[in-house]
1. Can you tell me the equivalent ellipsoid semi-axes for segment 106-169? Use √(5λ) from the Cα gyration tensor, largest first, whole Å.
2. Excluding His222 itself, what net charge comes from residues whose Cβ is under 13 Å from its Cβ, given Lys and Arg +1 and Asp and Glu -1?
3. Over the chain, what relative contact order in percent results from Cα pairs under 8 Å that are six or more residues apart?
4. Counting other C-beta atoms within 10 Å, and keeping those with at most 16, which DSSP coil trypsin sites (Lys or Arg not before Pro) do you find in segment 491-522?
5. Using only Cα atoms, tell me the angle between helix 446-467 and the longest principal axis of the chain; keep it within 0 to 90° and round to the nearest 10.
6. Antiparallel as a % of all DSSP beta bridges within the chain, to the nearest 5?
7. Mind checking segment 419-452 for trypsin sites (Lys or Arg not before Pro) that DSSP puts in a loop (not H, G, I, E or B) and that have at most 13 other Cβ atoms within 10 Å?
8. Taking the Cα atoms only, what angle lies between the long axis of helix 413-434 and the longest principal axis of the chain, rounded to 10 degrees?
Amino acid sequence: MNKGKYYMTTAIAYTSGKPHIGNSYEIVLADAIARFKRADGYDVFFQTGTDEHGQKIELKAEEAGVSPKEFVDKVAGQIREICDMLNTSYDKFIRTTDDYHEKQVQKIFKRLYEQGDIYKGAYEGMYCTPCESFWTESQLVDGKCPDCGRECKPAKEEAYFFKMSKYADRLIEHINTHPEFIQPVSRKNEMMNNFLLPGLQDLCVSRTSFKWGIPVDFDDKHVVYVWLDALTNYITGIGYDADGNSTEQYKKLWPADLHLIGKDIIRFHTIYWPIFLMALGEPLPKQVFGHPWLLQGDGKMSKSKGNVIYAEDLIKFFGVDAVRYFVLHEMPFENDGVISWELMVERLNSDLANTLGNLVNRTISMSNKYFGGVVENKGESDDPAQAAIDADLKAVVTDTYKRVAKKMDDLRVADAITEIFVLFKRCNKYIDETEPWVLAKDEAKKDRLATVLYNLVEGITIGASLLEPYMPETAEKIVAQLNTQIRSFDDIEKFGLYPSGNKVTEKPEILFARQDVAEVVAKADEMFEQRRKEAGIPAEEAKEEEAVIDIEAKPEITFDDFGKMQFQVGEIISCEAVPKSKKLLCSQVKIGSATKQIVSGIRAHYTPEEMVGKKVMVLVNLKPAKLAGVLSEGMLLCAEDAEGNLALVTPEKPMPAGAEIC
């Protein structure tokens, strides 16, 4: 059944360097959505690619002693190799250095200028080179870039500007009338409260201080600002023409059904991009989803420490599908996920080797042992208890598609995979309930044994078919061993379509071999050590970021002084930005049966949605005070490193809200 077109994109990867696994997560997430939509009857077009202009790349190329084009050609090649290595099924890989894209960007810029949306002026402010963004002094957080926290430097140059405020009211109305437009909802609230409602400033859309960009064809001193260049890839890649001669493909596919991006660039995609489209008279994308980040669990990934994890590293250790499973399953819907070697091994052993791999192996082995591999459906059991067990298994198996489809409609991909593994766990439980090895001892129960094994094979076939979008190679291996094919989603809710009398493979393949966590960690350490040697990083320098910090000592206090302070564990139940401040967050913190409102200067380090659900250390009996006009009734304790980065102090083990810290 054809459910219509589905055009989806990832953010295009910036070619300033080779992406680590945290960057590569997005393409796997997008691929799982694209594959599921195809299986579910949609005509999918899936676009990804690379963002290749800007001052940062110009500087990187200069450091490397090559031209900017040579530099981006190399990195773009690495990014595409990673996409292919992770078995992603993109339909188009666009590069912003592609001729057709550059020509359309020039035409778009000129059109917007001629219709009065872009004007020429001068910009003076604080400039962040990594983000390629100008900021006013009031927008800085502790004197640093509000987006990345790095140093900003004064800069002044002639520039073209886009009249953002002209379209702001229209965009606010669109967001309010299309609740599905920005997801998750926390991202929507952030954009409205922090950017749109306070008022939009005009946006700088050209630069003259560097040359590596698309020239403004009617004023060649200027190159197009990287975000106007990069964002338009979503339409130029499918045939948009600013002169009104867009292709049939563009007319079919636009507007995009989904822009899948990282939460750090949500502002550009939900404010700048919709306004550019409004100015061009084009429909807005149906949905922008800002996914969380995948973070390294044992410390920050850093080239100077030589511990950066790349996709190929994990694939070498665990295989493609295990990596796909891990990054998809371990990413919460809104909060950041964590990756570590220990957690990878745990998931491999418990979920993949045991729950899934062992189930397939046992089922095939028993089919061969008891029936020479032939799988036959001998009908339902006359025993009411056994019939009830069968009915429950079938209900779980045939209902899984609906549960998975609902999760995928909401883009809750990790939850969708969990639902599929509920099916596999139910099949394992079915083995324990029916005890095939006991049935095999009684010749009179041979037909019952055959039906049990048939039900298992049918359940696994349906489970593997649902698993295919997430772990395509594994799904194909499973159905090949069962001597069948991936089941169409049109038939995924029907139980009993596996051909009775079919014969499974004689020797089941081990899908996932269990691994020893200590051995894996040791091999990873060896790999990082070898990488450090090749990069010429001394061992002591690799540990530099972990150096201790000495701070000025404060006067001694007595135990009585300390005893006056009351510390307890608090749970943050809600959090929002303080409107009149660029630095403050206001949290509602549950402490025992009470709730306190606490204002903290940590907005540069945590978003409101990241705060919710955290267990934190609270100084409870601090005298209340007003900060930026908001009452604060305590203090959240944080640690600070030499660079000014903050981290909330949290309990090592689960503790109830209100637990005393002593």
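1. So the equivalent ellipsoid measures 26, 13, 11 Å along its semi-axes.
2. Numbers: positive: Lys110, Lys120, Arg207, Lys211, Lys221; negative: Glu157, Glu158, Asp217, Asp219, Asp220, Asp229.
So the surrounding residues net to -1.
3. Once normalised by length, the contact order is 12 percent.
4. When the trypsin sites (Lys or Arg not before Pro) of segment 491-522 are filtered for loop state and at most 16 Cβ neighbours within 10 Å, Lys494, Arg514 remain.
5. It is inclined by approximately 20 degrees.
6. 70
7. Lys441
8. Tilt of helix 413-434: around 20 degrees.
A short reminder: the numbers here are calculations on the coordinates, not readings from a lab. Since we're looking at a predicted model, the values are computed, not measured. When we count neighbours, we look across all protein chains shown, and the Cβ atoms used for this are built from the backbone with ideal geometry, even at glycine.
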